[in-house]
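Comments concern the structure below.
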Amino acid sequence: MTEENALKTKDLVPGVYSAIATLYGRKLKCAMSIGWNPVYDNPEKTIEAYLIDDTLEEFYGEHLLIEVKAFIRAEALFSDFDSLI
């Protein structure tokens, strides 16, 4: 994908997405959150990627390539943990 064709995160609707993360040359399923994290009332838009793989060790400081695949739902503020589940 060329940079001209790449969707910029600033253009994405805040919410939850399915994605593919590439780490160490491996492609891994990923759930990704883009938004302000209303539970914590963040002032800045952030991206959090949750790699779905139980064989990974810590990889802090490494570079990830994230390919957004599908929009799942809009960002939401849940009243409690049970509502989130």
Read through the list (1) surrounded by fewer than 13 Cβ atoms within 10 Å (Cβ to Cβ); (2) not in a loop (DSSP other than H, G, I, E, B), then give the number of the only condition that residue 59 fails. (2)
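Hey, among the residues in segment 1-52 that are modelled with pLDDT under 80 and among the acidic types (Asp, Glu), which one's nearest to residue 68 (Cα to Cα)?
Let us first name the residues in segment 1-52 that are modelled with pLDDT under 80, namely 1-11, 37-42.
Filter once more, keeping what is among the acidic types (Asp, Glu): 3-4, 11, 41.
Values: 3: 14, 4: 16, 11: 12, 41: 24 Å.
If we take residues in segment 1-52 being modelled with pLDDT under 80 and among the acidic types (Asp, Glu), then 11 is nearest to residue 68 (Cα to Cα).
What do you reckon, is residue 24 aromatic (Phe, Trp, Tyr) and under 21 Å from residue 78 (Cα atoms)?
Working: aromatic (Phe, Trp, Tyr): yes; under 21 Å from residue 78 (Cα atoms): no.
In short, no.
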Considering each residue of segment 65-85, count those that are surrounded by 10 or more Cβ atoms within 10 Å (Cβ to Cβ), of a type in the set (A, V, I, L, M, F, W, C) and at pLDDT below 90, and give that number. 5
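The values are calculated or read from the model by the stated rules, or taken from the named source; none is laboratory data. On a predicted model such as this, the values are computed, not experimentally measured, just so you know. Note that each Cβ is placed from the backbone with ideal geometry, even for glycine, and that neighbours are counted across all protein chains shown.
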